[in-house]
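Quick notes on the structure that follows.
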Amino acid sequence: MQSLKMLPLLLLLHLQLSKAFPVLSEPPEEKNAKIVQNYLEKFYQLPKTRYPSNRKKSESVIVEKLKEMQRFFGLNETGKPNAETLEMMTKPRCGVPDMSAFMITPGNPKWELTTLTYRIIRYTPQLPEAEVEAILKNALQVWSKVSPLRFTSISEDEGEPDIKIGFFKREHGDNSEFDGPNGLLAHAFQPGPGLGGDVHFDEEERWTNTSENYNLFIVAAHEFGHSLGLAHSTDPGALMYPNYAFSEPSTYALPQDDINGIQAIYGPSNNPVQPTGPTTPRACHPRLTFDAITTLRGEILFFKDRFFWRKHPQLPTVELSYISLFWRSLPSGIQAAYEDFDQDLVFLFKGKQYWALNGYDIQQGYPRNISNYGFPSSVQAIDAAVFYRGKTYFFIDDQFWRYDNQRKSMDPDFPRSIASAFPGIESGIDAVFQKDYAFLFFSGSIYYEFDINSHRVIRVGRGNKWLNCR
């Protein structure tokens with residue numbers, strides 16, 4: 001996923017639609033106009049019919065469909081193909097239309113039986129057949145673990161399966177053409193006869209069982225959700241969110257949004273203890289807390305569980321993304337982070353390990369052990385960290401350590417009490433970052449702005465104010 005790296009280009013190509021498609025004069029505008037037109041036709045039912053005699057009507061339809069798309073993804077509803085909208089449109093995704101924010105497919109199609117059969121009718125040459133079978137079986141179990149549904153693989157001589165699965169190129173006879181590498185990854189059909197329930201993967205994608213390219217387990221589990229009657233979810237942390245994001249299959253837990261959806265169709269699980277899954281953090285929840293915060297070349301990154309919010313000075317909205325979408329080798333639950341302005345590096349910490357980023361690229365030779373900083377073996381994790389004038393401040397429980405980045409060693413007479421050095425700041429620091437001449441300390445749902453020069457707290461407020469919440 002390289003969407004962030006495209007941002008400077010997209011910002012330069014920021015469009016304002018003042019004329020109807022497809023009449024656009026500049027080549028970059030024409031290219032992006034086609035992206036918008038094709039995306040809205042595929043996923044938001046934009047009519048392919050043009051209105052040459054009524055330009056205002058054509059423009060109005062496009063604006064309304066753009067607003068519908070922006071509303072679905074939680075973007076500003078401008079009705080214009082701005083940078084954040086174009087960025088969203090270029091992300092690899094499922095080929096099933098988004099339509100609207102319904103969790104269940106309109107019309108509520110469902111299988112009448114809870115024991116369903118499936119068959120792989122066409123394999124990919126990129127993975128061994130036995131591995132494909134195991135991956136798809138595991139992807140179906142994602143749904144059977146949280147519902148009464150059960151799945152059985154059957155051979156050709158055992159009859160017609162409910163769900164047929166195959167890998168196909170381009171046009172393949174279902175009126176839903178694939179587009180080659182990167183773009184539309186797969187699609188599936190809602191429950192019913194004929195094509196109903198069937199799942200098709202784009203054979204031209206690079207399918208893997210790792211974090212590289214497109215993990216077959218993640219895509220298959222998503223498509224099976226469609227096969228069972230679920231539409232796309234507006235929850236960016238849900239499996240049924242339309243855009244691809246990697247999660248580690250061996251530790252995968254179906255999010256609560258998806259559990260709610262499948263159980264709304266088929267009822268609760270047969271397990272005596274009902275399964276639960278992770279929920280997506282909400283930016284404006286009054287009790288929101290952060291795991292870690294850091295700046296990165298003018299942006300501010302707020303980490304929470306599997307996610308991070310990205311506050312960019314040139315974008316009006318704060319974007320929530322999976323950590324794995326940008327750094328596939330990083331774990332979830334980052335505990336501390338800071339930007340070293342002298343080295344142009346960002347350091348991320350979890351437990352006794354840490355990683356270094358240059359821009360959005362993880363540096364080679366990481367993770368490393370925090371003992372490199374000079375911490376004793378008794379320090380098992382760091383609560384928060386911040387860099388200021390060649391020193392890095394590490395906060396652990398009710399104490400802090402100060403590291404000299406030039407001498408590459410801890411300053412003498414540390415650790416010290418947080419309360420003594422930062423009056424008004426108590427223990428329990430979750431995150432901290434530096435802005436202008438202040439440290440911004442976050443503790444629970446509250447933040448404290450500590451002025452470095454006057455050596456006092458000058459402001460207290462709700463932490464999610466930084467995510468544009470009132």
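The slack in the chain from N271 to E64, taken as 0.36 nm per residue of separation less the alpha-carbon distance, amounts to 70.0 nm. Taking label positions 7 Å along the Cα-Cβ direction at both N369 and Q126, the computed distance is 3.8 nm, reported to one decimal.
Computed from label points 7 Å out along Cα-Cβ, the spacing between R456 and H172 is 6.9 nm. Sorted on the mean count of surrounding Cβ atoms within 10 Å across their residues, most packed first, peptides 63-71, 281-289 read 63-71, 281-289.
What a 1.4 Å probe finds exposed on the chain is 49% carbon and sulfur by accessible area, rounded to a whole percent.
Computed from backbone phi, the HN-Hα couplings of region 269-281 come to 5, 7, 5, x, 9, 5, x, 10, x, x, 10, 7, x Hz, rounded to whole numbers (Karplus: 6.51 cos²θ - 1.76 cosθ + 1.60, θ = phi - 60°; Gly and Pro given as x). Projecting the Cα positions of L66, L301, P286 onto the charge dipole of the chain (unit charges on Cβ atoms of Lys, Arg, Asp and Glu, taken about the Cα centre) puts P286 furthest along the positive direction. Here region 297-333 is scanned for amide nitrogen atoms under 20 Å from the site 7 Å beyond the Cα of R470 along Cα-to-Cβ, giving 316-319. Here is the short version for the chain: C94 have no other Cys C-beta closer than 4.7 Å. Using only side-chain charges placed at the Cβ, +1 for Lys and Arg and -1 for Asp and Glu, the dipole size of region 68-214 relative to its Cα centre rounds to 460 debye. In loop segments of region 143-176 as defined by DSSP, the GluC sites (Glu not before Pro) with at most 10 further C-beta atoms inside 10 Å of their C-beta are E171. Centre-to-centre, using Cα atoms only, region 136-182 and region 426-470 are separated by 50 Å. Measuring between alpha carbons in the structure, the pairs from K311/K435; K67/K465; K65/K311 lying more than 18 angstrom apart are K67/K465; K65/K311. Any chance you could give the angle, 0 to 90 degrees and rounded to 10, that helix 256-266 forms with the longest Cα principal axis of the chain? For helix 256-266, the angle is close to 30 degrees. Determine the percent antiparallel among the DSSP beta bridges restricted to the chain, to the nearest 5. That works out to approximately 80 percent antiparallel. Taking 7 Å steps out from each Cα toward its Cβ at L345 and E41 produces label points 4.9 nm apart. The Cα atoms of region 381-470 give a gyration tensor whose axes a ≥ b ≥ c have a/c of 1.5 or more with a/b greater than b/c, which makes the shape prolate. Take every Cα pair under 8 Å whose residues are at least 6 apart in sequence, average their separation, divide by the length of the chain, and the relative contact order is 10 percent. For region 169-290, the dipole from Cβ point charges (+1 on Lys and Arg, -1 on Asp and Glu) about the Cα centre works out to 580 debye, to the nearest 20. Dipole check for the chain: with +1 at the C-beta of Lys and Arg, -1 at the C-beta of Asp and Glu, and the Cα centre as origin, the magnitude is about 1360 Debye.
The values are calculated or read from the model by the stated rules, or taken from the named source; none is laboratory data. Since this is a predicted model, take the numbers as computed values, not measurements. When we count neighbours, we look across all protein chains shown, and the Cβ atoms used for this are built from the backbone with ideal geometry, even at glycine. Surface accessibility is based on the protein's heavy atoms, side chains included, excluding ligands, DNA and RNA. Shrake-Rupley method; radii C 1.70, N 1.55, O 1.52, S 1.80 Å.
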